[in-house]
Amino acid sequence: MITTKHAGANYPSLMDRAVLVTGGGSGIGASIVARLSACGAKVGFVDIDENAGCGLVKALSQQGVRHTPVFGRCDITDIDAFKSAIADIVDETGPFTGLVNNAANDTRHEISEVTPESWRKALSVNLDHQFFAAQAVAQGMKTAGGGSIVNMGSMSWRVGIDRLSAYVSAKSAIEGLTNGLARELGPSRIRVNCITPGFVKTERQVQLWLTPELEAQVFESQCLPDFIEAEDVANLAAFLLADDSRMCTSGVFPVNGGWI
């Protein structure tokens, strides 16, 4: 369910701007789609869950957003299909000048259970698509005179979360990717930044991982005594996509409640 209880500022520069969000059908991604739609952006998003994606489009359409989001179902680990889905959405939204590389999968895994195939799959779903999405939209951003790319990282690799070796390897690499893209695309006024969320209280996290022990760890580690909501991450993403952050690039922006 999409809420607006933490909805932040409106950004006029996002009005009618085409923005692509990956993994936008649920969780943080769905909140980003909703947040950008509320700002009047032309949002296109992809997700492997067709029911979730179509449901989000229907819900936002009923809320009367300026532009009904355009959804494309695809598996982002199939790069050819991913690029094709992006091209199809562009036909409806126009070239993207904003991109949020949000899609990821944090399935836990024991070291002893990891195979070359499962390792490669984990990096594919958590890292590879971020580069190829940037590659797919870069020329359109250059033609438009600039743009903004937001990569979704994680604080998990910094604090030593266990049973996530492949995931944290991918998430740490995203910060390097952010710096590399920012340097190469900067002369074209394309900004590239990274958001590193802490424990975000999404439906998936609650169902799969949230235990009384984890809750205690969260509040012992955070400076702030509240759960992070998906909307908190979406608010920062909106800022980084808007012209208000025009001189912010190659940055890593935590949304972790001050996890120490």
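Pairs meeting the criteria (first residue in the stretch 237-260 and under 18 Å from Ala9 (Cα atoms) and in contact (Cβ under 8 Å) with a residue 12 or more places away in the chain, second residue in a loop (DSSP other than H, G, I, E, B) and of a type in the set (Ser, Thr, Tyr), beta carbons under 9 Å, at least 6 apart or on different chains) are Ala238/Tyr11; Phe239/Tyr11; Leu241/Tyr11; Leu241/Thr97; Ala242/Tyr11; Asp243/Tyr11; Asp244/Tyr11.
Criterion first (free of Cβ contacts under 8 Å to residues at least 60 places away in the same chain and on the phi < 0 side of the Ramachandran plot) does Ala103 satisfy it? Outline the logic, then answer.
Details: free of Cβ contacts under 8 Å to residues at least 60 places away in the same chain: no; on the phi < 0 side of the Ramachandran plot: yes.
In short, no.
If we scan the stretch 201-218, do we find a residue that is of a type outside the set (D, E, K, R), surrounded by 12 or more Cβ atoms within 10 Å (Cβ to Cβ) and within 15 Å of the chain's Cα centre (by Cα)? Within the stretch 201-218 (the criterion being of a type outside the set (D, E, K, R), surrounded by 12 or more Cβ atoms within 10 Å (Cβ to Cβ) and within 15 Å of the chain's Cα centre (by Cα)), the answer is yes, since at least one residue qualifies. Inclusion of Gln139 among residues that are under 17 Å from Phe45 (Cα atoms), of a type outside the set (A, V, I, L, M, F, W, C), surrounded by fewer than 16 Cβ atoms within 10 Å (Cβ to Cβ) and out of contact with any helix residue (DSSP H, G or I) (no Cβ under 6 Å at 6 or more places or on another chain) is not warranted.
Counting only helices (runs of 4 or more DSSP H) wholly contained in the stretch 170-260, the ones carrying 2 or more residues that are more than 21 Å from Arg35 (Cα to Cα) and at pLDDT 95 or above occupy 212-221.
Going by the conditions given, is Arg163 surrounded by fewer than 24 Cβ atoms within 10 Å (Cβ to Cβ), modelled with pLDDT under 95 and assigned to a helix (DSSP H, G or I)? Give the steps one after another, and end with the answer.
Details: surrounded by fewer than 24 Cβ atoms within 10 Å (Cβ to Cβ): yes; modelled with pLDDT under 95: yes; assigned to a helix (DSSP H, G or I): no.
So Arg163 fails the test.
All of Ser31, Ser37, Ser61 fail the test of being over 24 Å from Asp91 (Cβ atoms), polar (S, T, N, Q) and not in a loop (DSSP other than H, G, I, E, B), apart from Ser31. Select from the stretch 87-128 the residues that are in a loop (DSSP other than H, G, I, E, B) and over 19 Å from the mean Cα position of the chain (by Cα) and write down the one among them that is nearest to Leu208 (Cα to Cα). Top of the filtered list is Arg108. Just to be sure before I move on: is Ala87 surrounded by 15 or more Cβ atoms within 10 Å (Cβ to Cβ) and modelled with pLDDT of 95 or more in the structure I sent? It is false that Ala87 is surrounded by 15 or more Cβ atoms within 10 Å (Cβ to Cβ) and modelled with pLDDT of 95 or more. Once the stretch 90-105 is narrowed to residues that are in contact with a helix residue (DSSP H, G or I) (Cβ under 9 Å, 6 or more places away or on another chain) and surrounded by fewer than 21 Cβ atoms within 10 Å (Cβ to Cβ), the residue that is nearest to Ala234 (Cα to Cα) is Asn105. Kindly indicate whether Asp232 is at negative phi, in contact (Cβ under 8 Å) with a residue 40 or more places away in the chain and among the charged types (D, E, K, R). Spelling it out, Asp232 is indeed at negative phi, in contact (Cβ under 8 Å) with a residue 40 or more places away in the chain and among the charged types (D, E, K, R).
Please state which one of Gly44, Gly24 is modelled with pLDDT of 95 or more, part of a strand (DSSP E or B), in contact with an Asp or Glu (Cβ under 8 Å, 6 or more places away or on another chain) and within 27 Å of Asp244 (Cβ to Cβ). Let's see the steps before the verdict.
Working: Gly24 fails: part of a strand (DSSP E or B).
So the residue among Gly44, Gly24 that is modelled with pLDDT of 95 or more, part of a strand (DSSP E or B), in contact with an Asp or Glu (Cβ under 8 Å, 6 or more places away or on another chain) and within 27 Å of Asp244 (Cβ to Cβ) is Gly44.
The values are calculated or read from the model by the stated rules, or taken from the named source; none is laboratory data. Since the model is a prediction, treat every value here as computed from it, not as a measurement. Here the Cβ is made from the backbone with ideal geometry for all residues, glycine too, and neighbour counts use every protein chain on show.
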